[in-house]
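Worksheet: one structure, shown below.
The values are calculated or read from the model by the stated rules, or taken from the named source; none is laboratory data. In this text the structure is predicted, and so the values were computed from the model without any measurement. When we count neighbours, we look across all protein chains shown, and the Cβ atoms used for this are built from the backbone with ideal geometry, even at glycine.
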Amino acid sequence: MIVAKWLLLALLVFPVAELATFVAVAAALGFFQALGLLILGSLVGVMVLRHAGGNHIARVRVAMSQGLNQSSFSALQADTSGGLILLAGILLVVPGFITDAVALLVLLVPLWRAASGKFGLGAPPARTDGVVDLEPEQWHRVDDPALTSRRRDKRDH
């Protein structure tokens, strides 16, 4: 019950904080410049959602249509940067300077991973296709009995 109270309080205080932030920015830059920044942030959010978010949503839909088995769940876990970009796009679309600042912070994680892999600054970025490369001594083959029974059923028909 305490969590619900805090959540309700946050939902009530958040719009007031966004409005106060807008008033502060409008006082510093001017009303139309602040309004232009809000509109620009929302347009950038739409572009982020169109470019990167659409691919992630399609991958989530495919994984959900196949059922949440181990391989689809692993593919979704491997694609955390796509989820972060989707979250950042949604936050950018919501008008407000606080949500835009949070979205920029969220966007920094995937950008840092991509830049560090490209320029060799640390570990290479994780593959986004759900494939994990292992050395030959790190894995062994385990036959799935469900697959062998399916093969037998197809041969019988």
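Here are the numbers for the structure shown:
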item	result
Selected residue (only one of GLY41, GLY45 is in contact with a Gly (Cβ under 7 Å, 6 or more places away or on another chain), under 30 Å from ALA17 (Cα atoms) and modelled with pLDDT of 75 or more)	GLY45
Some residue of the range 11-20 being at pLDDT below 80 and either under 24 Å from LEU107 (Cα atoms) or in a loop (DSSP other than H, G, I, E, B) (or both)	no
Matching residues, the range 21-32, being loosely packed, with under 12 Cβ neighbours inside 10 Å and part of a helix (DSSP H, G or I)	ALA27, ALA28, PHE32
Unmet requirement for GLY67, which otherwise passes all of (1) assigned to a helix (DSSP H, G or I); (2) at pLDDT below 95	(1)
Meets criteria (under 30 Å from ASP144 (Cα atoms), among the charged types (D, E, K, R) and either assigned to a helix (DSSP H, G or I) or modelled with pLDDT of 90 or more (or both)) for ARG59	yes
Sole residue being out of contact with any strand residue (DSSP E or B) (no Cβ under 9 Å at 6 or more places or on another chain) and at pLDDT 90 or above, chosen from PRO110, PRO95	PRO95
